[in-house]
4 protein chains.
Amino acid sequence: MRIGLLTSGGDCPGLNAVIRGAVLHGIKTYGHGFVGFRHGWRGVLDGDVIDLPRSRVRGLAREGGTILGTSRTNPIESPGGGAESIRRVMAEHGVDALVAIGGEGSLAGAKRLSDAGIPVVGVPKTIDNDLDGTDYTFGFDTAVEIATDAMDRLRTTGESHRRCMVAEVMGRHVGWIALHSGMSAGAHAILIPEQRVPMEELCGWVSEVHERGRSPLVVVAEGFVPEGYDAGLAERGVEGDGRPRLGGIGEYLTAEIERITGIETRNAILGHVQRGGAPTGFDRVLATRFGMAAVDLVTDRGWGQMVAIHGTEVVRVPFEEALVGLKTVPQHRWDEAKALFGR
Amino acid sequence: MRIGLLTSGGDCPGLNAVIRGAVLHGIKTYGHGFVGFRHGWRGVLDGDVIDLPRSRVRGLAREGGTILGTSRTNPIESPGGGAESIRRVMAEHGVDALVAIGGEGSLAGAKRLSDAGIPVVGVPKTIDNDLDGTDYTFGFDTAVEIATDAMDRLRTTGESHRRCMVAEVMGRHVGWIALHSGMSAGAHAILIPEQRVPMEELCGWVSEVHERGRSPLVVVAEGFVPEGYDAGLAERGVEGDGRPRLGGIGEYLTAEIERITGIETRNAILGHVQRGGAPTGFDRVLATRFGMAAVDLVTDRGWGQMVAIHGTEVVRVPFEEALVGLKTVPQHRWDEAKALFGR
Amino acid sequence: MRIGLLTSGGDCPGLNAVIRGAVLHGIKTYGHGFVGFRHGWRGVLDGDVIDLPRSRVRGLAREGGTILGTSRTNPIESPGGGAESIRRVMAEHGVDALVAIGGEGSLAGAKRLSDAGIPVVGVPKTIDNDLDGTDYTFGFDTAVEIATDAMDRLRTTGESHRRCMVAEVMGRHVGWIALHSGMSAGAHAILIPEQRVPMEELCGWVSEVHERGRSPLVVVAEGFVPEGYDAGLAERGVEGDGRPRLGGIGEYLTAEIERITGIETRNAILGHVQRGGAPTGFDRVLATRFGMAAVDLVTDRGWGQMVAIHGTEVVRVPFEEALVGLKTVPQHRWDEAKALFGR
Amino acid sequence: MRIGLLTSGGDCPGLNAVIRGAVLHGIKTYGHGFVGFRHGWRGVLDGDVIDLPRSRVRGLAREGGTILGTSRTNPIESPGGGAESIRRVMAEHGVDALVAIGGEGSLAGAKRLSDAGIPVVGVPKTIDNDLDGTDYTFGFDTAVEIATDAMDRLRTTGESHRRCMVAEVMGRHVGWIALHSGMSAGAHAILIPEQRVPMEELCGWVSEVHERGRSPLVVVAEGFVPEGYDAGLAERGVEGDGRPRLGGIGEYLTAEIERITGIETRNAILGHVQRGGAPTGFDRVLATRFGMAAVDLVTDRGWGQMVAIHGTEVVRVPFEEALVGLKTVPQHRWDEAKALFGR
């Protein structure tokens, strides 16, 4: 078989390891051939194809990013999209099956294509770890590791100045990165989109820590919304009381904590650094196994399914299992983390 | 309740995070008090006890090693050991329950104590990841990460000189560290105690890689035994053919690969570096959750059980589940890894 | 002698290594005693003193921050300041000499105290590497290393999306961190306070790189001012054309590059992460040697001098040598770096 | 001009950054062309040449090893060597000048070629930092950083078991890596080839530390020879008293320390890991500047010279300055380090 790979959505450490695992396993075990579509679904729609011989994927396990490039093009809604166009491009390039490596949007597209008869399987990808149907997605562990390392550093500068440090991490809709990196760094408060926390409670934790002579570390997911926060006003460029617009939730909290508690507070936004560079060993193994299993799935013509990890085993689940909704941080994990706040 | 903690066996990144998670959660959530026995079961037998107030565990999540010290003392077989001695020491120091953080030997001892009526729960610890009853143990992820980083480095020096590099990692009885770090580093052969591999097959993989212009990387667990290797002779100081004794399996393979293939080959023994230093974020989260869950388990008087991770959830399992035998690398994981050898 | 140590100004990796080097060497080689003043000159003015026995400095070489705490208190201008107050506090606590570990402001204060007869020597400290009289200051190498690592990560995410990435690093008045981390990461443009660069030239470099199919990396020191940039307007909350205020130079450039070139551009502010955490080996060695040499200097009653590194040798220079002005990036270093821009 | 680059001797982090700096600067600033000779002087003798266009050196600043490969071939003594052969190969391939990136042996060869009229300049390379004429060579800082990180890890496992840890680092003839990494890690003894230390003195330091409740860390350069050590006997496979041969100085010291002090002692050989992988920022900057300056030197026809760093400036020195002898650790640096032993 001739298999086409594509990477779609935001980039994520481990994408290259998926590509490498798929190509090496597919060529050696089954004698498949491989091509890559460039820049996600856009490459599929445009017929932008490159060959993927074994030599092209050497040494890729440890490389961040994706050699195929990525985009947020939707395979169906975009101009020129739809199952028929894709079927035609596949025929033109002699591609028998697709492996779509992408997040929720991409997998939803893949599901619609599969329903329309396109032979496609999926590899779940989200740095936010917010996909149902799999215990973990690759890239998440690397993001947590990078954030943990940054927070270890922020803590020493905080302690030297007796400051409160606020670290803003990724997570627009779910708090997994904040939860794990915050727990890992021994944060005194972790704020996630799933849980509203009043400013008074947060400032209580901060003050409690400061009074014991320590420097509070607050970890906040970018999508956290404190009780009483008027995001609309913030976006229009002014706070309710006329103070100038603040860049993000991290800056907002920094100003508010300093105003309410009187404790000198500084902000750090970890930003894009969290999604780049060499993956951790955990993510390389997971991504390699996903890539290999996706090729097994294609070989078995398991269209409409994606690979996933349950415990220590790589399994297959229908696309719809990953699309039932965001995998948010459950209440018992929040309670567990919260038991360590403010000490 | 007044709870006694102890760490036993080889040290492992994450031990301090377990201690911290247990103490912070136990004090804040339940009002328990904590003491630590020094140097594992030896401290229990000798009554070598230190207080563990909240201030003592601050900042410990990221610290390698164990502030309690450790030893390989057996709680029952050692002079002065046995359930009665331990009951007496506990009474003397007002300790109501024990949390034993240790590997197979320690948990076997804890089981016998529990059977004899001592209130004890367990936290599984093994850098080798060879305990049944739990998907992972803390320390393993850190060891894999350290080994992966070392192999990334070995590969560049190998490529510059067109050498074969042999990296020996920990794993006397099981190959988990070799399997994961080798897969992560893109090794061309991984050798584990669970699988005998003839030297000819290994040299075939090595030569195949070298002929394609690349530098082979061989990862070997210290407990691997090649077919035809006479360990007895090796230990007595001479090989069968009178060549001088070689230090370990890594050195043996290095000499044999060079002799058979004619390819310049170099050896690196990662050694004790693998078990020291700051834990990864993954291990800090796992260890913190284990420490917290162990205190919940004590509070529920769940004697004779240990905490474990199944998928993403921390659960409780009876000691005997972890003691049914070593968790070895299963055949399908070996087959999966082997599909990438020698390319 | 009884020697008082203090750390002053912004924190910096290596402060603890200075303290450790001074105390261990001073006790063992000369039999001196040591105390630490807490929170910089504030502790000197307030008599906030802690003992520094050998046991207090163990393991400190690798710890970021400063166990003494720091502040920006000026020893002379602050309320309660001045040579007489300090002389009195020193007498009260039996302190024979001061070692002031600090930046330009602190060394200027130390010079005035020395001129007034206070027995004080200095250890130069600035993460920005902007002090004359010494080739390097500790902390700078660590900051460059952290920034380099972050940029390695930014590059892979940039390449995956074909974006331009803008990384803002520390350096309000000098561009050393930007110069070294940018050169180290292979940046396509480096912007420093010492050199004004028109937006057209910058955008030319960016477009040139993008047209060759690569993702431009722009490194900017926080104090860089592009030609035509009206900082006054920016600070008042609006740009000249009414666009909303932007957070810093990094955000400004990001918006401008995207507007002018049409290339998708993203911003990352490395921020406080650059000054925290474990020092590099280079900085630990430099800081340890500085601490030891400062004690030699005290022992020799070399008041009014500070330690410095010239080539590979630690030397002594009068305070005034470090106070002649900021050590800026010289023209030939700028020309050297610029030769690699935009390729 | 058409310039030929070659890398010779043991590999070293930063070689690729030299190549990249030379090629980018040479093409852009002067319009030179570049080729690379593969596997050091062997490629020069065999005419094994590859083109080095700008695209070939992209992204190389952070890559360990050398894309040109390396060997220990001597340009004059090897079969087919000598100035005439090299002149002929250069003419055949239209190469106007050579940039030899190598250590003492390679620079000695380059000097003889230069004396014979071959247009050649040098870039000094040695991970051991043992070349005179330059303050530092690239690769050394990376080796120190890797060793420091490993020792930080060894210390925590040592402390948990109250063991003495012996870390063997590179340095056959000089102790620079041991000196800097040992100082950086806070070692309790550092043993270098330049200084003989009796076993009793070493064991005194070790015992002193152990008695204070700490775990001694001993750092030893592979070329250290203790007083009374009979290397000849050791190499013949037996110690004087018939004990079995031990692998290296690290193993020897480990056995001896344990025998003499009774303290449990463990050994770690850092080995080839020290010379591989991504260079530190310091080494990337130094290597890039060296590569650029070598091209300036060629352009100025400064044959028979090499680039070097003095303080913060890149300078030019005649080959002979680097060949006066090994740059060993001077007495005052040993005394400085020793002042911290055994505390």
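The values are calculated or read from the model by the stated rules, or taken from the named source; none is laboratory data. Since the model is a prediction, treat every value here as computed from it, not as a measurement. Virtual Cβ from ideal backbone geometry, glycine too; neighbours counted across all protein chains shown. Just the protein is used for accessible areas: all its heavy atoms, side chains included, with ligands, DNA and RNA removed. Shrake-Rupley method; radii C 1.70, N 1.55, O 1.52, S 1.80 Å.
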With springs only between Cα atoms under 10 Å, which of B:V324, B:V123, B:V23 fluctuates most in a Gaussian network model of chain B? B:V324
Evaluate the charge dipole of the protein assembly as shown about its Cα centre and quote only its size in Debye, nearest 20, assuming +1 on the Cβ of each Lys and Arg and -1 on the Cβ of each Asp and Glu. 0 debye
State, as an integer percentage, the relative contact order of segment B:140-276 based on alpha-carbon contacts under 8 Å between residues 6 or more apart. 33 percent
Dipole axis of segment D:141-276 (+1 Lys, Arg; -1 Asp, Glu on Cβ), positive-most option in D:A185, D:W205, D:A150: D:A150
Considering chain D as a Gaussian network with a 10 Å cut-off on Cα pairs, which listed residue, D:D96, D:D130, D:D11, attains the greatest mean-square fluctuation? D:D96
For every other residue with a beta carbon closer than 12 angstrom to the beta carbon of C:R212, add +1 if it is Lys or Arg and -1 if Asp or Glu, then tell me the sum. +3
HN-Hα J couplings of segment D:82-95 from phi, Karplus 6.51/-1.76/1.60, θ = phi - 60°, integer Hz, Gly and Pro as x? x, 4, 5, 4, 5, 4, 5, 4, 4, 5, 3, 9, x, 8
Can you spot the lysines whose alpha carbon is less than 19 Å from C:K111's alpha carbon? Ignore those fewer than 8 places along the same chain. C:K125, C:K327
Which shape class applies to chain D: rounded if a/c is under 1.5, otherwise prolate when a/b exceeds b/c and oblate if not, where a ≥ b ≥ c are the square roots of the Cα gyration tensor eigenvalues? prolate
Can you give the relative contact order of chain D as a percent, counting alpha carbon pairs under 8 Å and 6+ residues apart? 24 percent
Net charge (Lys, Arg +1; Asp, Glu -1) of residues whose beta-carbon lies under 10 Å from that of D:R172, D:R172 excluded, is -3
Name the longest site-free stretch of chain C, where the excluded sites are GluC sites (Glu not before Pro) in a DSSP loop with no more than 13 other beta-carbon atoms within 10 Å. C:78-226
Quick check: at a probe of 1.4 Å, how many percent of the accessible area of chain C sits on carbon and sulfur atoms? 46 percent
Residues with amide H under 5 Å of D:K327's amide H, sequence separation 5 or more or different chain, H placed in the peptide plane at 1.01 Å from N; which? D:L131, D:D132
Once the Cβ-Cβ distance between B:D51 and B:R301 is put in as r, and R0 is 25 Å, what FRET efficiency do you end up with, to the nearest 0.05? 0.60
For segment B:176-229, restrict the atom set to alpha-carbon positions and state the Rg and Dmax in Å. 11.1, 31
Probe 1.4 Å, protein heavy atoms only: A and B together bury a total accessible area in Å², to the nearest 100, of 4000 Å²
Phi-based couplings in Hz for segment A:218-227 (Karplus 6.51, -1.76, 1.60; Gly and Pro marked x): 10, 9, 10, 6, 4, x, 5, 10, x, 4
Evaluate peptide C:61-74: per residue, the Cβ atoms of other protein chains within 10 Å of its Cβ; return the mean as an integer. 4
Lys and Arg at +1, Asp and Glu at -1: add these up for the other residues within a Cβ distance under 9 Å of D:M306 and post the number. 0
Relative contact order (%) - segment B:115-206, alpha-carbon pairs under 8 angstrom, separation at least six: 23 percent
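So with the 1.4 Å probe, I'd like the accessible area per residue for chain C, rounded to whole Å².
Computed with neighbouring chains in place, this is 31 Å² per residue.
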Going residue by residue through segment D:140-149, the Karplus relation 6.51 cos²θ - 1.76 cosθ + 1.60 with θ = phi - 60° gives ³J(HN,Hα) values, rounded to whole Hz and with x marking Gly or Pro, of 5, 4, 5, 4, 5, 5, 4, 5, 4, 4
Descending principal axes extents, segment A:21-145, alpha-carbon based, whole Å: 42, 33, 22
When the Cα centres of segment A:291-327 and segment C:116-158 are compared, how far apart do they sit, in Å? 48 Å
If each residue of separation counts as 0.36 nm, what is the full-extension length gain between B:E313 and B:A116 once their alpha-carbon separation is subtracted? 67.9 nm
Pick from D:G109, D:G291, D:G139: which residue has the top mean-square fluctuation in a GNM of chain D where Cα pairs under 10 Å get a spring? D:G109
Using the Cα centre as the reference, give the magnitude of the dipole from point charges on the C-beta atoms of segment D:141-276 (Lys, Arg: +1; Asp, Glu: -1; all else neutral), rounded to the nearest 20 debye. 300 debye
If a/c stays under 1.5 just call it rounded; otherwise compare a/b with b/c (prolate if a/b is bigger, oblate if not). Do that for the protein assembly as shown, with a ≥ b ≥ c from the square roots of the Cα gyration tensor eigenvalues. rounded
How far is helix B:281-299 tilted, in degrees, relative to the longest principal axis of the Cα atoms in chain B, given as a value from 0 to 90 rounded to the nearest 10? 30 degrees
What residues qualify as long-range amide H neighbours of D:R2, i.e. H under 5 Å apart, gap of 5 or more or another chain, H built at 1.01 Å from N? D:G33, D:D96, D:A97
Along each principal axis, Cα extent of segment D:141-276, largest first, Å: 37, 34, 22
Compute the Cα gyration tensor for segment C:83-124, then decide on rounded, prolate or oblate, letting a ≥ b ≥ c be the square roots of its eigenvalues: rounded whenever a/c is under 1.5, prolate when a/b is larger than b/c in the other cases, and oblate in all that remain. prolate
Relative to the Cα centre, what is the charge dipole magnitude of chain D, using +1 at the beta carbon of each Lys and Arg, -1 at the beta carbon of each Asp and Glu, and rounding to the nearest 20 debye? 1120 debye
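Quick check on chain A: helices-only [θ] at 222 nm, where DSSP H runs of length 4 and up contribute -39,500 (n - 2.57) each and the sum goes over total residues. Nearest 500, please.
Calculated mean residue ellipticity at 222 nm is -12000 deg cm²/dmol.
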For segment C:275-330: Kirkwood Rh in Å [reciprocal of mean 1/r, alpha carbons]: 12.8 Å
Tilt, helix D:104-115 to longest principal axis of chain D (alpha-carbon atoms), in degrees rounded to tens, equals 30 degrees
Are there residues in segment C:152-187 whose accessible area shrinks by at least 50 Å² when all protein chains are included rather than the chain by itself, and which are they (probe 1.4 Å, ligands and nucleic acids not counted)? C:D152, C:R153, C:T156, C:T157, C:S160, C:H161, C:M183, C:S184
